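Values quoted throughout were computed directly from the atomic coordinates according to the rules given, and no laboratory measurement underlies them. Quick caveat, the model's predicted, so the values are computed rather than measured. Positions of Cβ are backbone-derived with ideal geometry, glycine not excepted, and every protein chain shown enters the neighbour counts.
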There are 2 protein chains.
Amino acid sequence: MTINVALLGLGTVGQGVYETVISHQEELYKAIGEAVRIPVILIKDSCKNRKINGGVEVTTDFNEVLKHPVDVVIEAIGGCEPAYNYLRKSLESKLPVITANKELLAKKGKELKKIADDHQTQLAFEASVAGSIPILHMIKDYLKVNRIQRVEAILNGTSNFILTTMREKIQSFEQSLAEAQRLGYAEADPSNDVLGWDAFYKTMIISDLIYNEQPDWNDVVRKGIDQVTQEDILAAEESKEKVKLIAALSRSSNGQIEASVEPLRIKPDHPLYAIEGVNNAVRVKTDLAEDLVLSGPGAGALPTASAIIEDFVALFKNNKSIKNNDPVPLGGY
Amino acid sequence: MTINVALLGLGTVGQGVYETVISHQEELYKAIGEAVRIPVILIKDSCKNRKINGGVEVTTDFNEVLKHPVDVVIEAIGGCEPAYNYLRKSLESKLPVITANKELLAKKGKELKKIADDHQTQLAFEASVAGSIPILHMIKDYLKVNRIQRVEAILNGTSNFILTTMREKIQSFEQSLAEAQRLGYAEADPSNDVLGWDAFYKTMIISDLIYNEQPDWNDVVRKGIDQVTQEDILAAEESKEKVKLIAALSRSSNGQIEASVEPLRIKPDHPLYAIEGVNNAVRVKTDLAEDLVLSGPGAGALPTASAIIEDFVALFKNNKSIKNNDPVPLGGY
């Protein structure tokens, strides 16, 4: 049998998903016991040149997408609209949805989860936080009995790259931002990253997961790295410290959720000190497991596709997964 | 309803499990929708003083254990026998087993998994590798489509503590070992740790998990830290390097599994460079997720209990897990 995927969006992440589904057919078959196909892709600009095989319908009209025999929707558009509308319609059609969309999850996650519940389907979103690092699954599946006391994290690879470059090359914020843009690590309009919004959204998603609620957004400190100067970096270095954009989350003794995103100086023995460049890392302090740190690439086509595809497998693995040594039919994909 | 646990062993880890089950009743109930009780504990020495509540039978006879109405067995004895015999009998009685026993898993894991399969029950062993770090679950559940290219890890907290202390306090292997023993990080007979056996067993467990087989043990380089001198540490430091006991695992192009455990010099930009003291860390390189690193406490009562209890929840979560906000009955445990 075949599982049919509707792919929404064909930017960096969408292209990564498309290529991974083609290149990892054998692994997918072993994991879920089915072939996986992408019969339809939703794009924004029909004039762009694309590397898509024959047999795939590429459309700019979402209504065309759901006319295909689709089993699951993967969303890689980003932003609030039109993604929200598409995901709502997909869930209402009982289709499971996998998304990497942090802004949408932070703003409408609760609502989308309710729509999914109401229609006996599922919403998976590991890829929305920290690239390929399975931090949400770790918290949700393997820290169920642990009491989580505090989370500290580097969640924005662009900001971390800029801060790392400012320190290593002794250059200004503006020079380092320009370098990040040249390398494709920062967008033409970098405000979402450098003003701290991206890390803020991800922090809200983690808050939803751990506490089942978010703090009042007005009570959250959100500072980006745009005000960090060369002098700040040098002053930190004199004390062997580094400046990092740190997202923090905890619950105070009166039950209030306390969250912040801001550039902070951290010491060499801090577990996030060694996290450089576009990497992300999350430190989770708990009463039993104590101090866990997960790190890895925070963005990029394949790492984000990795989180999406592993979510896909988690959704469908109960179909009939194959034992490691069973033969895999190689034809017929 | 109640889930009844038979606890085998009441050393550091067993005591940690016992205390966690008592202190985390509410979290357990939320996670699995049942109360959890330990009606019977198997011990070795009936003359030792123990902090055990009334209503728990403490016995030195394994046959007495299975006369109780038991739903699951948690093994915290360690070593090959008599643990193997107890676990075999438990699995043959269709009881799921949770264990932290790396030596047993490395030597008899395949056999025990087969017994579990044959009797439609389960064997869970996250706690056998890297303390509270859910590295086995991450590999098994969230890197199913990823092609794992290489694993590098610090898997023995005792050795890492000794190496860290030798460097920080500029003292010999013998002095640092004595300090580890004073602090309870090393046993009276430390050979299992300092000769590399402990890290070796854990590497074999990871090999079983990733490749579904182990390399021929005779082909595996296994060196401990007992031959590391102060001079080695100082020479490394001069190049800003550190000596770490590194376990490595990969598959060569001809399909052969290559594994080693040995002290190596690593550079400051290596992701295991910052791992100090009794901590463990595992780096997994894959084609999609790229370079993931998980770190945390590699041993200790509560971290190991954490992995055991989270395995327990994973086994029983499908009973009827409770939503975050549902009320929890507080009486009647």
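For region B:212-260 versus region B:108-183, the spacing of their alpha-carbon centroids is 15 Å. Counts of other chain beta carbons within 10 angstrom of each beta carbon in peptide B:279-290 average 5. Relative to the dominant Cα principal axis of chain B, helix B:83-92 is inclined by about 50°. Between B:K223 and B:V261, B:E262, the built amide H atoms are under 5 Å apart, and every one of these is 5 or more places off in sequence or on another chain. Across region B:28-34, coupling constants 3J(HN,Hα) worked out from phi with the 6.51/-1.76/1.60 Karplus curve, θ = phi - 60°, read 4, 5, 4, 6, 10, x, 9 Hz, and Gly and Pro carry x.
Considering chain B as a Gaussian network with a 10 Å cut-off on Cα pairs, which listed residue, B:E126, B:E238, B:E174, attains the greatest mean-square fluctuation? Its mean-square fluctuation being the largest, the pick is B:E238.
Residues whose amide H falls under 5 Å from that of A:I3, counting only those 5 or more places apart or on a different chain, are A:A35, A:V36, A:R37, with hydrogens built in the peptide plane.
Pick from B:S239, B:S90, B:S250 the residue whose mean-square fluctuation is largest in a GNM of chain B, springs joining Cα atoms under 10 Å. Looking only at B:S239, B:S90, B:S250, the largest GNM fluctuation is found for B:S239. Ordered by the count of other Cβ atoms within 10 Å of each Cβ, fewest first, A:C47, B:C80 give A:C47, B:C80. Legend: distances between Cα atoms for A:K169/A:K267; A:K94/A:K317; B:K51/B:K317; B:K108/B:K223; pairs beyond 26 Å are B:K51/B:K317.
With neighbours defined as other Cβ atoms within 10 Å of a residue's Cβ, the residues A:V243, B:V70 order from fewest to most as B:V70, A:V243.
Other residues lying with their Cβ under 15 Å from the Cβ of A:I74 contribute a combined charge of -4, Lys and Arg counting +1, Asp and Glu -1.
What is the fewest-to-most order of A:T229, A:T12, A:T286, A:T304 by other Cβ atoms lying within 10 Å of their Cβ?
On the way: A:T229 12, A:T12 16, A:T286 22, A:T304 27.
Exposure proxy ranking, most exposed first: A:T229, A:T12, A:T286, A:T304.
Once you reduce region A:279-295 and region B:18-37 to the center of their Cα atoms, the two points are 23 Å from each other.
The Rg/Rh ratio of the protein assembly as shown, with Rg taken over Cα atoms and Rh as the Kirkwood radius over Cα pairs, comes to 0.96. Principal-axis analysis of the Cα atoms of chain B puts helix B:157-168 at an angle of about 40° to the longest axis.
Taking only Cα atoms, what is the 0 to 90° angle, nearest 10, from helix A:173-182's long axis to the longest principal axis of chain A? With rounding to tens, the tilt is 20 degrees.
Note that region A:39-46 has calculated 3J(HN,Hα) couplings of x, 8, 10, 8, 10, 9, 10, 6 Hz, one per residue in order, obtained from phi through the Karplus relation 6.51 cos²θ - 1.76 cosθ + 1.60 (θ = phi - 60°); glycine and proline are x.
For chain B, give the share of DSSP beta bridges that are antiparallel, in percent and rounded to the nearest 5; count only bridges with both residues there. So the antiparallel bridges in chain B amount to around 55 percent.
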